[in-house]
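K.L.:
Shown below is the structure under consideration.
The values are calculated or read from the model by the stated rules, or taken from the named source; none is laboratory data. Since we're looking at a predicted model, the values are computed, not measured. As a convention, Cβ positions derive from the backbone with ideal geometry for all residues, glycine included, and neighbour counts pool all protein chains shown. Calculation scope for accessible area: heavy atoms of the full protein, side chains included, ligands and nucleic acids excluded. Shrake-Rupley method; radii C 1.70, N 1.55, O 1.52, S 1.80 Å.
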Amino acid sequence: MKRGLTHIYTGEGKGKTTASVGIAVRAKSSGLRVLFAQFMKMTKGGETELLKKNHIDVIRFDKIPSPFFHPDLDRKKAIEEAKKAIKKLSARLAEYDLVVLDEFTYLITERLVSKEGAEEFISKRPAGTEMVLTGRGAPRWLIGLADYVTEMKEIKHPLAKNVKARKGIEY
């Protein structure tokens, strides 16, 4: 690709990670080099194992837990881990045609990565690298940077009827 575009999958509804897995598989099946990076997911979902089996590089930054699920989080340590993650990713972006950053928006909304740091990371990627960012609450300025924005809107969810998350469907 001559010019990689920026995608955002955001919103309160289910499907952001699912959509990003889909685009990763589509890209790989077309011969593109793909990296799938996950933030703030402490349990391994089956999708990352399947992506690996299909020769999609996967990096899980599990030293950055979600402040929502870990209210006693050491924020200083989490910020340092987020900086390390961004540095590691920045060094490898040129190796890929598509980079998926699952739950990236939480790094911004939880102030683990600054607006300036996120903007620089996104804007200074190699020209031909497509980037997909997922997560709830994408800020307006981030939406303004993107070429594609899809908002997942929850209309109805089984959780409202106390149906617990099911392996293989919700995670």
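K.L.:
Just to be sure I understand the filter: pairs with C-beta atoms under 7 Å, separated by 6 or more residues or on different chains, first member in region 33-59 and closer than 25 Å to I108 by Cβ, second member part of a loop (DSSP other than H, G, I, E, B) and modelled with pLDDT under 90. Which pairs pass?
P.N.:
Note: pairs meeting the criteria are F39/I64; M40/I64; M40/P65; M40/S66; M42/D62; M42/P65; T43/Y171; G45/Y171.
K.L.:
Let me ask something else. Here are R140, R125, R111: which of them is of a type outside the set (S, T, N, Q), modelled with pLDDT under 95 and either open to solvent by 10 Å² or more (accessible area, probe 1.4 Å) or in contact with a helix residue (DSSP H, G or I) (Cβ under 7 Å, 6 or more places away or on another chain) (or both)?
P.N.:
Numbers: R140 fails: modelled with pLDDT under 95; R125 fails: modelled with pLDDT under 95.
After applying the criteria, what remains is R111.
K.L.:
While we're here: Kindly state which strands (runs of 3 or more DSSP E) lie completely within region 1-114 and contain at least 1 residues that are hydroxyl-bearing (S, T, Y).
P.N.:
On the way: elements: 6-10, 34-39, 57-61, 98-102.
Because the criterion is at least 1 residues that are hydroxyl-bearing (S, T, Y), the strands (runs of 3 or more DSSP E) in region 1-114 that meet it are 6-10.
K.L.:
Return the pairs, sorted by first residue and then second, in which the second residue is part of a strand (DSSP E or B) and surrounded by 14 or more Cβ atoms within 10 Å (Cβ to Cβ), the first residue lies in region 133-149 and is of a type in the set (D, E), the beta carbons are less than 8 Å apart, and the residues are 6+ apart or on different chains.
P.N.:
Once the first residue is of a type in the set (D, E) and sits in region 133-149, its partners that are part of a strand (DSSP E or B) and surrounded by 14 or more Cβ atoms within 10 Å (Cβ to Cβ) give D147/T6; D147/H7.
K.L.:
Being assigned to a loop (DSSP other than H, G, I, E, B), in contact (Cβ under 8 Å) with a residue 60 or more places away in the chain and open to solvent by 70 Å² or more (accessible area, probe 1.4 Å) is the requirement here; does E154 meet it? It would help to see each step written out before you state the result.
P.N.:
Numbers: assigned to a loop (DSSP other than H, G, I, E, B): yes; in contact (Cβ under 8 Å) with a residue 60 or more places away in the chain: yes; open to solvent by 70 Å² or more (accessible area, probe 1.4 Å): yes.
Answer is yes for this residue.
K.L.:
Could I ask something else about it? Could you please find all residues in region 83-104 being small (G, A, S) and over 13 Å from the mean Cα position of the chain (by Cα)? Give the steps one after another, and end with the answer.
P.N.:
Taking region 83-104 first, the residues small (G, A, S) are 85, 90-91, 94.
The answer is S90, A91, A94.
K.L.:
Which of the residues that make up region 80-100 are open to solvent by 50 Å² or more (accessible area, probe 1.4 Å), aliphatic (A, V, I, L, M) and in contact (Cβ under 8 Å) with a residue 24 or more places away in the chain? Walk me through how you get there before you give the answer.
P.N.:
First, the residues of region 80-100 that are open to solvent by 50 Å² or more (accessible area, probe 1.4 Å): 80, 83-84, 87-88, 90-92, 94-95.
Filter once more, keeping what is aliphatic (A, V, I, L, M): 91, 94.
Passing the criteria: only A94.
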